[in-house]
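The values are calculated or read from the model by the stated rules, or taken from the named source; none is laboratory data. This structure is a prediction, so every number in the text was calculated from the model and none was measured. So basically every Cβ, Gly included, is an ideal-geometry build from the backbone, and we count neighbours across all protein chains shown.
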Amino acid sequence: MNNPSSASRPVRMVIFGRQGAGKGTQCVRLVEHFGVVHISTGDMLRGAVAAGTEMGKAAKAVMDVGDLVSDEIILGIVRERLAEGDCRTRGFVLDGFPRTIAQAEGLVMILGEDELHAVVDLDVPLDEVTARMKARGRDDDTDEGIARRLELYEKETRPVLDWFADRDLLVTVDGLGSETDITDRLLSAIATAVAR
């Protein structure tokens, strides 16, 4: 695949989607196409803890006692990660972040007002993602577990999507169809957003 980010400015984007929407598959394709770095919140946290960064130590102290890592610590870890050379030169796709409006506000502050090029919501209807998760056959993919995770996504993530939509940064992409069709839609939506 071509790598337009090397010829122009690096692409910086965020991808959202319910569990079972196919985000993981599409992130791999976006990385291949744009040459960007794929960053998940879990990877960032583990990386910061392993590297013993200031924020990594703070996160480890919180996680060791079983508490949730605060927005402040998560934002510190994101700031550290996005300042690294690969993110600055290649761009990135953030996956699983931001999870709260405070984190969304912090991300825009870290990058600057016009430096987040696309926020994509890979939209797959509830009945379809439920069927996909049931088909995976994981132990935690019970009817109750699936319903709880999807309910939590709506409760926690929907306000963040609305926050980005209010700032004209959110692009919703239909997540139904073949992997290639979905990728084509994503690339078209991202190209439009980057050109703004």
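Below is a table of values for the structure above.
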{"quantity": "Matching residues in region 150-189 - criterion: being part of a helix (DSSP H, G or I), in contact with a helix residue (DSSP H, G or I) (Cβ under 8 Å, 6 or more places away or on another chain) and either buried (at least 18 other Cβ atoms within 10 Å of the Cβ) or of a type outside the set (Asp, Glu) (or both)", "calculated": "150, 159, 160, 163, 164, 182, 183, 186, 187"}
{"quantity": "Residue list for region 133-144, restricted to those being in a helix (DSSP H, G or I) and either closer than 18 Å to residue 17 by Cβ or of a type in the set (Lys, Arg) (or both)", "calculated": "133, 134, 135, 136"}
{"quantity": "Long-range neighbours under 7 Å by Cβ, at least six apart or interchain, first residue without any contact (Cβ under 8 Å) to a residue 12 or more places away in the chain within region 131-153, second assigned to a helix (DSSP H, G or I) and among the aliphatic types (A, V, I, L, M)", "calculated": "141/133"}
{"quantity": "Checking residue 88 against (1) closer than 22 Å to residue 160 by Cα; (2) surrounded by fewer than 15 Cβ atoms within 10 Å (Cβ to Cβ); (3) touching a residue at least 40 places away in the same chain (Cβ under 8 Å), the condition it does not meet", "calculated": "(1)"}
{"quantity": "Top-ranked residue in region 7-55 [being touching an Asp or Glu at 6+ places or on another chain (Cβ under 9 Å) and hydroxyl-bearing (Ser, Thr, Tyr); ranked as surrounded by the most Cβ atoms within 10 Å (Cβ to Cβ)]", "calculated": "41"}
{"quantity": "Residue check, residue 147 at pLDDT 90 or above, under 19 Å from residue 171 (Cβ atoms) and aliphatic (A, V, I, L, M)", "calculated": "no"}
{"quantity": "Options 115, 128: the member that is surrounded by fewer than 22 Cβ atoms within 10 Å (Cβ to Cβ) and either free of Cβ contacts under 8 Å to residues at least 40 places away in the same chain or part of a helix (DSSP H, G or I) (or both)", "calculated": "128"}
{"quantity": "Filter result for residue 169 (within 15 Å of the chain's Cα centre (by Cα) and free of Cβ contacts under 8 Å to residues at least 60 places away in the same chain)", "calculated": "yes"}
{"quantity": "Scope region 31-42; condition in a helix (DSSP H, G or I), within 21 Å of residue 99 (Cα to Cα) and out of contact with any Lys or Arg (no Cβ under 9 Å at 6 or more places or on another chain); matching residues", "calculated": "42"}
{"quantity": "Checklist (1) more than 20 Å from the chain's Cα centre (by Cα); (2) free of Cβ contacts under 8 Å to residues at least 24 places away in the same chain applied to residue 28, failing item", "calculated": "(1)"}
